[in-house]
Amino acid sequence: MLMPAPPSARDVAFQSLEAQSALLRYALALFAVCLPVFVWAASFAENAAWMAATFAIFAINWAAFYGVVNWVKAEGQTSVRRRVAVHVAGGLLWAAAVAQIAALAHFAGPARETLLLMAAAGSVACIFFSAPLLPALLIVGPLAAAGPLTALFIEPASRDQGVVAAGGVAFALALGLILNRSLRSQFALAAERETLIKEHAGALAEAEKLARSKSDIVSTLSHEIRNGLNGVTHVLAAAAAAGQGARAAPSREQLTAALEATQELIGVLNTTLDAESADSGRLSLDLQPFDLTRLVRDLVVLHRPQATAKGVEMTLHVDPELEGRSAGGAIGDVIRTRQVLANLLGNAVKYTVRGRIEARLELREDGRIAVEIADTGPGLTVEELERAFEPFRRVQRTGVGIPGAGLGLSLSRRLAALMGGELTGQSAVGVGSCFTFAMPYDPAATIAPPEAAPRLSSTPKLKVLVAEDDGLNAAMLRAILEQLGHQVVHVQNGQRAIEMAGTLEFDLFMLDVRMPVMDGVETAAALRTMDGLGRTPIIAVTGGDAAEAQACLDAGADTVLRKPVTVASVARSLTEATSPRRGRPRAVA
């Protein structure tokens, strides 16, 4: 459990100021009660008129102090030092008034000693009402007592009264210091309590936010998964019925729809997992210079057929300064940048019914490179645009009938920020929208040429042991590996893989990370300790985050194959794992 931070001197000083302000009303009551006594005693003085004027001056000084302190408090001044200065200055007005009373009481004749003792009692009152604030107590108290004590000790006849008055003032100062120390302890506890309350409120708000996020995740996934799986289930049921002699075989359109639903479902799941990883701080990025122009060109080519099928024109405009450059590149994670831009282009294709979509690349004066995706879609109001960037929030006016989790833009903005960039949007109803992704750019960066795509037959025919507990995933891997010309043996857990590796020879191991009995990390580590298997290639198959992939590499895997797998990704991982130049394992997306 985390301990709260100790209260600062500012917090204690603020509490002291509040306590002294709260005492002002009682100081006014004491003044009102004592004033008749002072007036009665002053009536016996030889300078009674002057004494009356002194009382008036004291009342004026006290009223000025009261007014200034309350004004500073009401104005909500945030400077504690300024408030302390005002309180001390106001206390000095009290001390000056007591000194004036003592000076006139010195010439009051027979009433001299009585009035001076009353002035000393007034200094004790100043000490009491200054006690909550230590600077005021140490400054105002002694100065208020200086006047009457000096006057009592000047005359030999009143020195005995001066000794008594000095003892009373010293006792009042000691009690004031004790009271101040006690109050400061209470103020520290109160400040600590306020800190605990704020931390508790923050933790409660964070817990409520997390609960809402989890609820939104469950609600969104249940809706999207149900819709996607319903279509796939219908097609599979039709295929099963056709296999049993029924005539209702699934049509090509049904198969295409089922494939699109499955791909959309995978996209929703991946986006949700990425959003959760980003929120929890577990999303790792590899920031390197890369050719953003080439990436945007590839994405435009990829999305143009979908746009053309809807009758929407898609074009690309590249800043002439970016054409033909031998150096220079955007700085970011190329995989995450592709994810952001694919989401922006995909949204433009989804929501644009007619017109055109334009992607623009330009170098900005601030040294950044920016990609703008503009469309002639339905457009959004200011409120709808803000809502579109919130997680699990979809614009009902434009999103009806279009699948999605409502996470694309919020995740894209988060990814842009993690890469040191920025994602902004502008939109107008009936005109269209324009989203801009700006990211750092290094004009002197050197970019490596793109790797050639691996050929499906680039690896020799291998005998592969696949350890996978999920039957559907195992069947998919087997089909892909056999399509690539390899021989496959399948087991359902890591323990069984160890047993098979001890009796048969295999050219390569493909291990699912999450399996019962022994997981992929444990299995890879065990295989590396077996005789003759220290150099046998191992591919770890995972759907987890970067930390899980790194654990596989640390355990002995040569490369990591991320789910969902494709023919191209499997072929690429096989080439990487069996390469004779393999010496530094790396994860394959």
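Read-outs: derived from the displayed coordinates by stated rules, not from any lab. These figures come from a predicted structure and were not determined experimentally. Every residue, glycine among them, receives a Cβ derived from its backbone with ideal geometry; neighbour counts consider all protein chains shown.
A few notes on this one:
- Site pair Thr114 and Leu287 shows an inter-label distance of 8.3 nm when each label is modelled 7 Å from Cα along Cα→Cβ.
- The tail of the calculated P(r) for region 9-200 beyond 22 Å holds 49 percent of all Cα-Cα pairs.
- Projected label distance in nm at Ala29 and Leu204, using a 7 Å step from Cα toward the beta-carbon: 3.4
- Summarising the label geometry, the points placed 7 Å from Cα in the beta-carbon direction at Ser326 and Arg297 lie 1.9 nm from one another.
- Fully extending the segment from Ile154 to Val489 would add 109.4 nm, taking 0.36 nm per residue of separation and subtracting the current Cα-Cα distance.
- For region 288-442, the Kirkwood radius over C-alpha pairs fed into Stokes-Einstein at 25 °C and 0.890 mPa s yields D = 156 µm² per second.
- For region 463-588, the alpha carbon positions stretch 32, 29, 27 Å along the principal axes, listed from largest to smallest.
- Structural size metrics of region 114-212, computed from C-alpha coordinates, are Rg and Dmax of 22.5, 82 Å.
- Our estimate of slack between Val68 and Phe171, defined as 0.36 nm per intervening residue step minus the Cα-Cα distance, is 34.1 nm.
- Net charge over other residues, Cβ less than 14 angstrom from the Cβ of Thr436 (K, R count +1; D, E count -1): -3
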